[in-house]
Each structure stands twice: as structure tokens, then as C-alpha cells.
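Worksheet: the structure to be examined is printed underneath.
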Amino acid sequence: MTNLPTGIVGDDTERPANIVPQVARWPSAHRIRKAEFVGDPHFPPVANGLDYLVSVVDLLERDSGGSPARELKYAVLHLAAGAEVLLKARLLIEHWSLVFTHPGQATREALEDGSLSSCSPDETRQRLKNIVGITFTGREEQALKDLARSRNALQHWGLTGEQARASVVASTTARVLNFLVAFVEDHLLPWLQAPELSEAREEMRHVRDGLAFIEEYVRERMKDLAPRLGPVRRSTVQCPLCRQWALVARGYEDAQDVDDLDIDDMFNVECLFCTERLTPREAAHEYAGVILGHFGNEEAFDLTPEVHTCPQCQHALLIQGAATAAAPDRPVDFCFACATAPVASRS
């Protein structure tokens, strides 16, 4: 892409070697997507499903408050369509005949011209389980069924009664989004080839940007992550990308044996919420710059956050004044290299 604002898409601007670029992404509203260019509406199955998910997060993302009723309606309709397309895309990868109601009567001509009668959502999940070997938890199954019921009511009659409450619709939407993000990452992206894979990853980045602002999604996702985050609270800090308390520094099994390791080659700091993976150096600089405010603005690449030498591993990646999920209100000295037990900050 060309003629785009510096730093958004296609920015090849060279920066001095000693400057650590910010990892935090630009908001989804600032990214120009391929689907937004003028052209023929060509959407292969995975691209089509992801485009629906992008629409969902664009409709739902809010800094505060809820979504208008009309936007909530179309978010449900688009999410249901996206879920159906993405699940069937995995069947298509397994074998194209599996998306037909009656696979034995499948023809290539019907598939290519879109005249096929495709399997129902329930049949799709059953075939994914029985033929592909993908398992669905009871909670995921129920969320997909609730979404289908809400979609049918909205599309044909309109929601009424208990199911018409915005909180119920939003909660169902959040549970399905939580499932679909993992489904795409685990069961679709590994099968894609370039350039479709590159485009799909860009769309998923757009989706994750929006998900961080969907309050119901955040609560749902964090609840699901609680069993994994609970045991590592003391080595978990706030993520500079999604701002959730889910950035886990893995550290090393033996902090005394890391002198010869190249920190820049080790992506052992990961946000369990947005799945961003960083090197300890990137994590330390991004945390200091974004969370602690050492970067004044997006263009402040020349500001180097203050880091200190860790007394345990001797790497200069210790941040004073950090806070962990174990005690968010108590500043500590935190090393992103070895992730040893933090001590109360002296600053």
C-alpha cells in the first residue's frame, strides 16, 4: 500500500537502531482494510467470515456505556453469519462435499455457483466433531445455540421476553466471540497459505483491537482465563496493547544461566488475553512507555524509558514502579527477563 499516513499501514520508515518501537497497535478505526477498497465483492469463505467478525467489533466497541439497540441487532446477525461461515470453512478444508446437506449428492457445480443446500449449524458442529475431530465444550455449544436462537428471532420476528434484554444478547455475543477467536487461530489459520494467511492475520488483528473495548467480551474472556492467570498473578502485569491484566512474563527456569541468551530472540512474554507475544526487551520498554506513561505520544520514539539492572539475572530490564495482578495497587520492581518474585519498589 502507498500514500498512507506514516505509522499506520505500509510504514517502512527507518528508525535508529537504538530506538525500541512501540508494540501497541493503532486503533482498528485507523487501519485501512483491503475490503474497504473499491472493487468486486470477492470474499472466499475465511475472508468472508472474518469480515463479519470485523463488522461485529466495529458495531460493539465502546469506551463506556452500551451499544445502541440497532447496532446490537446487526452485531448479532453478523456474528451468527460469521460463526456459520467460519465453522463451515473448516469443513470445506476437510472436504468440500461436507458443507452439503447430503454429501453424497454434492457437485462441484453447485458449490461454485452457490446453489447448494448447505448443512445446518447443528449438523456443521456434529460433522466437525465426528469427522474433523474438533471438540466443543458444553458452554461453547450452548453459546452457539443461544446465538442461533437470537439470530432467528431478530431476523424473522424480533426478540421478545427475557431474550430481548441487551445484557443477555451481549453476554451471548461475548461468549461466541471468545470461542470464535480461538477457533480461527487453532483450526483455520494453520491451513491457509499466503497471501490469504497474511490478510487473515490482518483481519484478526483488527478484530482483537475491537474486542478489547467490548466490555462484555472482556469480562467473559477474563473469566475463562482465570484458571491460567490465577497461579501466575505475581508475574502478570497490565498489557500495553489491550490494557488487560494478562501479560505474563515466563522468566527462566534458572535465572543464573541466562548470561549467554539473546533476549531479543526470546518471545517468552505473552498476553493471554490478546495473544500478543513479546521479547522481554520489547515488553519492558512497552510497559514503561505505555502503562507508566514514559512515552508522551505516538511519535515519541526518541524517548527511552528508564530501566534498571536486575540483581538476579543481571539484565537491564527491571522496571521500578510496576504493578502485578497479585497486588495492583502496590508498586514493585519487576524484571521482564527473569520474572523473579517482585519486591516493593524503592521509587
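None of the figures in this text is laboratory data; all of them are computed from the coordinates on show. Being a predicted model, the structure only gives us computed values, none of them experimental. Reconstructed Cβ throughout: ideal geometry from the backbone, glycine too, with neighbour counts over all protein chains shown.
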So if I take the alpha carbon set of segment 92-209, get Rg, then get Rh from the Kirkwood formula, what is the Rg over Rh ratio? 1.00
Can you give the net charge of the other residues whose Cβ lies under 15 Å from the Cβ of residue 120, counting K and R as +1 and D and E as -1? +3
Computed FRET value (nearest 0.05) for residue 126 with residue 69, which takes r as the C-beta separation and R₀ as 30 Å: 0.35
Could you rank the peptides 78-91, 118-131, 140-153 by their average count of other C-beta atoms within 10 Å per residue, with the highest value first? 78-91, 140-153, 118-131
